[in-house]
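Input: a single structure, listed below in structure tokens.
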Amino acid sequence: MSLLAIRSLDVCYGKVEAVRQVSLSIEAGQIVTVIGPNGAGKTTLLAATIGLLPSVGEMLFEGHDLRRLQVEARVEAGIVLVPENRELFGDMSVADNLVLGAYSHRHDRAGNRRNLDDVYHRFPRLLERRQQKANTLSGGERQMLALGRALMAKPRLLLLDEPSLGLAPLIVREIFKIIASLRETGVSVLLVEQNARAALETADVGYVLETGEIVNSGPADTLIHDPKLIATYLGGH
Amino acid sequence: MSSDIAAILAIDGIASGAIYVLIAIGFVLIFAVTRVIFVPFGDISAFTALTLAALETQRLPGTMGLVAMLAAMATLMQLTADIRASDLKAIPSTLFFYLVVPLVPVALMWFAAGSVMSMPVRMGLSLLLVLPIAPLLDRIVFRPIADASVLLLLTVSMALHFALVGLGLMFFGPEGVRTQPLTDASWEIAGMQVSLQTFLIVGSAVVFSTLLYAFFELTLTGKALRATAVNRTGARLVGIRPAYTGTMAYVLASILAGISGILISPVTTIFYDSGFLFGLRAFVGAIIGAMVNYPVTALGALLVGVLESFASFWSSAFKEVIVFSLLLPVLLWRSLSVGEVEDEAEE
Amino acid sequence: MSKTQFRFLTLAALFLLVASPFYLNAFSMTLLNYIGVYGLVALGLVLLTGIGGMMSFGQAAFVGIGAYAGAWASALQGYSPWVGLMLAIVLSCSVALVLGAITLRLGGHFLALSTVAWGLSIFFLFGNLDGLGNYNGIANVPPISLGPLKLVASWQMFYLIWAIVLLALLASRNLLDSRSGRAMRALRGGNLLVESLGINAFFTRLATFVIAALFAGLSGWLYAHLNRFVSPAPFEVHVGIDYLMMAMVGGATELIGAFIGSALVTLTKNSIQDYLPMIAKGASGQLEIVVFSIVFIVLLQRWRGGLISISSHLLPSPHHDIDRTVTPLSRRPLPQPGEVLLTADQVERRFGGLVAVDKVSFTLNAGEILGLIGPNGAGKSTMFNLLTGALRPNSGRVVFQGRDITHAPQREIAKAGIARTFQHVKIRPKMTLLDNVLLGTHPRTTSGFFSGALRLDRAEEAQARAEALRQLQRVGLGDKPFELAGNLPLGNQRVLEIARALAADPVLLVLDEPAAGLRRQEKQALAELLQSLRSENLSILLVEHDMEFVMGLVDRIVVMNFGCKICEGLPLEVRQDAQVQDAYLGGLV
């Protein structure tokens, strides 16, 4: 059974259909990426998966119907979104942001403490800045905090929306290394990226979304050599 | 005006200002977490005073009927919602939280009302009895329109206030009440008699504001409340339910409103509709704090209290006019300090 | 319903109204009078709330000002009621002007809350002023006289009241269909949109607020002479809620909703007063308020659009004849191709610890298409907002046609000839395509509120319409100008924004990701449109993410990444630049 199986999903904004008949599946421990141009509906797809937008179609998480669950219940089930604009608690400290990340299983205090140490270990910068307010962080630090907060929720499926957005190449490399390392911990990842090359190099499977529809899909190492894809998304190397 | 009179007026003003501080902080708390400007908040305060007065004279307070009615309505609405969502497993917890929990203080009151109680017990019971009102109103009135604009929520809130004042008359009757003084003792400070009651009032305001601050800083629930206020979507994404934090905000704010009602009841005569004016004075304080800043809100509410005290000395007929006119310079100052164009598109 | 049917029905309704004294009894006439008087206040609230997106709980106070002005002048000072009318108008408008000037720059709920406070202040003022009879009020207000004729009977007042009501309704309708009225209707789209169109949002709000107060003041004056007695009670804050309820029950988006609501509330109140005592013995006025408040709450919960929303499909769709032969609106001279048009000099913008734009400089020449590209989050949109005045730089300078616009407000920049579109489309979904594009002509036209309400603006309006239609046709949306903009697919909405920008007769067109979400063919059409605009010497700054779209289209490219400019040059040069490939094209190899 797939960890997440989406079949014939439609998402509408008013009269405008943003995502049409999308089907995709994620196996446990897999990193799956969805690439495509701006406005193709990538963010909409993630928002529907976490429950921020209503959708029509089938959406199963370990065989359970997700569409009856509210956002918070999906978080408790282990689906965690790191949105494009991070949605941090700007006026609160880094430490508070991380502590709140574990809100969905707040009763496991010991586990959360271990988890916090682990996040600080992964992102030493956050430890340095733990007393600082989130809105005083730089772009890269904000992304680390967003990822750290998501990891505090002990995700089973991590939804990442453009984690490379606005970051210097060095930091992008670091972030992708961390994403790749999640595979060992058993966390599955659905990665939405405009940085198609970096995404395909990290992922196992890729989907290409254009104007709301899946136009191509396959193993990431096949897609990365697809001549049409190279011309459109991967630049003239 | 001699300096003696000025000092007395100032002390009076600080005492009533301290009461407004509690209400004003409650306003800001509810608004920050739920985006609702809860106009009937002053009414909650007045109802506490009326409840306390009823207990003093060993009558059954009208609050019991009000709470029972609201609990029944909220339960019905939640049950309908559960059944519609075919979520039958939720029914026991619905019955527990919306019916049993609010009715516990009502039942306590039922058994205790005839007996003579000490003052602290009366206060505790009154406070307990008003606590469910605001959360139940939240469920009945605001939850169905939680996604609406701030302005629509405010309009509903105004209408709710008028409904509540009318209900107040039905449940409490038109008589004004004034409870026994908290204490008759007074201290002499710098040649002036200052009643212990004044100290108790100011002291409670300080203590409860501090407790609230500690709750926000030190507990996870407090942080969750702040998180909801700072970023609703962000809060949902870590699994914080806005409906839950909303209820918490209403309960906490109701504690503040209840305490303010207890503190004000021996100071002035309270009628079923007195709450609106307290509320509005506290509002002026909250607006000084731009509905977001707790310390500035507290200072603003104190300022309103002091101004009111002096205004009633100068011209009691125009007291209200003077207090509410304070809003104009405050808004002017706020309006001049507005920076870049803020965008608040609708639709 | 067709337009002819609608006209016939309107005429029939008017006839029934005018003839009503002949078939209604005196009591019904009195009710009808009050419906008119209250409806006038609600009409102001429709303009304020439904159209302009502002909320006032204090309209009752303006009614009070009008009523007391009329009563004081005629009953206490012995002046003619018409002097009282002047006083009522002047007083209500000037109080609104002062209160509005103070509160309308702030967020919506500040206005609403302050209306409660000053509504109360004014109420207490009425009650405590000896000159106004304290809480006892002013009795023996004389009737209004027209020459020798005294308007005493309710049918006599009926004609005066409804003449004023119909005039107010007509003026409001005209206004909404004019330049200033469109600005009012745009207010709910947010300041960013309104100011980007060269419209002064604050002034438009203030004018709307004063108009609403004027209607309330008029209503108060009528009330004083209808009731012949004034006291503070009818001007309390909870009455202000009643007025709001009328506007919302009827439907705050349509003018006629005000009178539907007024009729509904007045008649229901009347019957509640009749029947409530039978159901609940000894029930007082308070129970009436409870019932009303609860009805109002349920209504707002279930039925936010009001009564009119269920019948609005019966109203005829808006339609105008457009005369294409009128003299076109005058155009501004375009600079010679090659001249320096826009210079950004060391522009920097920080958000907290984040440097979104880090000392970026570039120039744009007249007649060229300049592409500003970079990966998502590179600071392109921030740069865009700095150039158009939506954000202010922390340091650096922006110069447009020799004029320093670094700190100019957005609407001044718009008037200077920079027209923009939005990354997240900002159109007015409930307005027609034509009206949306007409918004763009705002800085090129001059008619004000008065000429709009009195229809003195028709010549200019015809020119503007012809221009708007021309721009719609130019972008390929000319076939259905009266369709509602919200019904368009997303791609066409972007194109509509471009038509709106073109209607402003810009020197420089600044487009924020116009190709996002477009299909291949739509992109092709867009590129062709932009090329044809360039051939007409229009300069274009294109902020884009889509490389393919940019490469074939633009003359030069500026590349940004993490807030800095990393490269500038011809498309081919940029494509071969190693830094660009590394940072932008996904080079993580």
Across region C:278-321, what is the total count of residues that are modelled with pLDDT under 70 and more than 32 Å from the chain's Cα centre (by Cα)? 9
Region C:150-179: number of residues that are of a type in the set (V, I, T), open to solvent by 30 Å² or more (accessible area, probe 1.4 Å) and under 14 Å from C:G44 (Cβ atoms): 1
When region B:265-279 is examined, which residues are found to be surrounded by 24 or more Cβ atoms within 10 Å (Cβ to Cβ) and hydrophobic (A, V, I, L, M, F, W, C)? B:I270, B:F278
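Kindly indicate whether C:R205 is more than 25 Å from C:A171 (Cβ to Cβ) and either touching a residue at least 40 places away in the same chain (Cβ under 8 Å) or surrounded by fewer than 24 Cβ atoms within 10 Å (Cβ to Cβ) (or both). Outline the logic, then answer.
Numbers: more than 25 Å from C:A171 (Cβ to Cβ): no; either touching a residue at least 40 places away in the same chain (Cβ under 8 Å) or surrounded by fewer than 24 Cβ atoms within 10 Å (Cβ to Cβ) (or both): yes.
No.
Go through region A:194-225 and count every residue that is at pLDDT below 85 and not aliphatic (A, V, I, L, M).
In the first step, residues of region A:194-225 are kept if they are at pLDDT below 85; the result is A:194-198, A:211.
Cutting the leftovers down to not aliphatic (A, V, I, L, M) gives us A:194-195, A:197, A:211.
The qualifying residues number 4.
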So C:T10 clears everything in (1) in contact (Cβ under 8 Å) with a residue 40 or more places away in the chain; (2) open to solvent by 10 Å² or more (accessible area, probe 1.4 Å); (3) among the β-branched types (V, I, T) except one condition, right? Which one? (1)
Could you please find all residues in region B:130-186 being open to solvent by 20 Å² or more (accessible area, probe 1.4 Å), of a type outside the set (A, V, I, L, M, F, W, C) and more than 24 Å from B:T75 (Cβ to Cβ)? B:S149, B:P174, B:E175, B:G176, B:R178, B:Q180, B:P181, B:T183, B:D184, B:S186
Restricting to region C:462-513, and then to whatever is within 14 Å of chain A (Cβ to nearest Cβ) and open to solvent by 30 Å² or more (accessible area, probe 1.4 Å), can you tell me which residue is nearest to C:S381 (Cα to Cα)? C:L490
Given C:G84, C:G66, which one is in contact (Cβ under 8 Å) with a residue 60 or more places away in the chain, crowded, with 24+ Cβ neighbours inside 10 Å and within 27 Å of C:M184 (Cα to Cα)? C:G66
Given the conditions (1) over 25 Å from A:L4 (Cβ atoms); (2) modelled with pLDDT under 95, which single one is not true for A:L98? (2)
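Regarding C:F549, is this residue among the hydrophobic types (A, V, I, L, M, F, W, C), part of a helix (DSSP H, G or I) and surrounded by fewer than 22 Cβ atoms within 10 Å (Cβ to Cβ)?
On the way: among the hydrophobic types (A, V, I, L, M, F, W, C): yes; part of a helix (DSSP H, G or I): yes; surrounded by fewer than 22 Cβ atoms within 10 Å (Cβ to Cβ): no.
It is false that C:F549 is among the hydrophobic types (A, V, I, L, M, F, W, C), part of a helix (DSSP H, G or I) and surrounded by fewer than 22 Cβ atoms within 10 Å (Cβ to Cβ).
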Just give me the residues in region C:111-144 being small (G, A, S), outside any helix (DSSP H, G or I) and open to solvent by less than 30 Å² (accessible area, probe 1.4 Å), in sequence order. C:G133, C:G137
Restricting region C:516-539 to residues that are away from every other protein chain (no Cβ under 14 Å) and touching a strand residue (DSSP E or B) at 6+ places or on another chain (Cβ under 9 Å), the residue that is surrounded by the most Cβ atoms within 10 Å (Cβ to Cβ): C:S539
Residue ranges of strands (runs of 3 or more DSSP E) in region C:342-450 with at least 3 members surrounded by 19 or more Cβ atoms within 10 Å (Cβ to Cβ): C:354-365, C:369-373, C:418-420
Residue check, C:L542 against (1) touching a strand residue (DSSP E or B) at 6+ places or on another chain (Cβ under 9 Å); (2) open to solvent by less than 20 Å² (accessible area, probe 1.4 Å); (3) part of a helix (DSSP H, G or I), all met but one. Which one? (3)
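State which residue is least open to solvent (accessible area, probe 1.4 Å) when the search covers only region B:287-301 and only residues that are within 18 Å of B:S260 (Cα to Cα) and out of contact with any Gly (no Cβ under 7 Å at 6 or more places or on another chain). Before the answer, list the steps.
Filtering region B:287-301 for residues within 18 Å of B:S260 (Cα to Cα) gives B:294-295, B:297-301.
Okay, now just the ones that are also out of contact with any Gly (no Cβ under 7 Å at 6 or more places or on another chain), so B:294-295, B:298-299.
On the way: B:Y294: 63, B:P295: 90, B:A298: 25, B:L299: 119 Å².
The selected residue is B:A298.
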Enumeration of residues in region C:19-38 that are touching a residue at least 40 places away in the same chain (Cβ under 8 Å) and more than 16 Å from C:N227 (Cα to Cα): C:S20, C:P21
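Test C:V95 against the criterion of being β-branched (V, I, T) and either over 26 Å from C:R228 (Cβ atoms) or over 23 Å from the mean Cα position of the chain (by Cα) (or both), and give yes or no. Quick ask: steps written out before the conclusion?
Working: β-branched (V, I, T): yes; either over 26 Å from C:R228 (Cβ atoms) or over 23 Å from the mean Cα position of the chain (by Cα) (or both): no.
Against the criterion (β-branched (V, I, T) and either over 26 Å from C:R228 (Cβ atoms) or over 23 Å from the mean Cα position of the chain (by Cα) (or both)), C:V95 does not qualify.
Residue under question is A:G186, and the condition is that it be surrounded by 21 or more Cβ atoms within 10 Å (Cβ to Cβ), more than 14 Å from C:D582 (Cα to Cα), more than 8 Å from chain C (Cβ to nearest Cβ) and over 13 Å from the mean Cα position of the chain (by Cα); does it hold?
Numbers: surrounded by 21 or more Cβ atoms within 10 Å (Cβ to Cβ): no; more than 14 Å from C:D582 (Cα to Cα): yes; more than 8 Å from chain C (Cβ to nearest Cβ): yes; over 13 Å from the mean Cα position of the chain (by Cα): yes.
No; evaluated as a whole, the condition is false for this residue.
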(1) outside the structural domain of A:N216 (by TED's automatic domain parsing); (2) surrounded by 23 or more Cβ atoms within 10 Å (Cβ to Cβ); (3) in contact (Cβ under 8 Å) with a residue 60 or more places away in the chain all hold for A:I35 apart from (1)
When you scan region C:517-529, do you find a residue that is within 30 Å of the chain's Cα centre (by Cα), in a helix (DSSP H, G or I) and of a type in the set (G, A, S), even just one? no
Apart from one, (1) open to solvent by 20 Å² or more (accessible area, probe 1.4 Å); (2) touching a residue at least 12 places away in the same chain (Cβ under 8 Å) all hold for B:A253; the odd one out is (1)
Just give me the residues in region C:100-109 being crowded, with 21+ Cβ neighbours inside 10 Å and facing chain B (nearest Cβ under 7 Å), in sequence order. C:I102, C:T103, C:R105
Residue pairs meeting the criteria (Cβ under 8 Å; at least 6 apart or on separate chains; first at the interface with chain A (Cβ under 7 Å from one of its Cβ atoms) and farther than 13 Å from A:P83 by Cβ, in region B:229-245; second open to solvent by 40 Å² or more (accessible area, probe 1.4 Å) and assigned to a helix (DSSP H, G or I)): B:G239/A:E76
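Just to check your reading of the model, which residue among C:G261, C:G257, C:G198, C:G217 is in contact with a Lys or Arg (Cβ under 8 Å, 6 or more places away or on another chain) and more than 11 Å from every other protein chain (Cβ to nearest Cβ)? Can you show your working first?
On the way: C:G261 fails: in contact with a Lys or Arg (Cβ under 8 Å, 6 or more places away or on another chain); C:G257 fails: in contact with a Lys or Arg (Cβ under 8 Å, 6 or more places away or on another chain); C:G217 fails: in contact with a Lys or Arg (Cβ under 8 Å, 6 or more places away or on another chain).
Exactly one residue qualifies, and that residue is C:G198.
The values are calculated or read from the model by the stated rules, or taken from the named source; none is laboratory data. As the structure is a prediction and not an experimental result, all values here were calculated from the model. A quick note on method: Cβ atoms are made from the backbone with ideal geometry, for glycine too, and the neighbour counts reach across all protein chains shown. Side chains included, ligands, DNA and RNA excluded: accessible areas come from the protein's heavy atoms. Shrake-Rupley method; radii C 1.70, N 1.55, O 1.52, S 1.80 Å.
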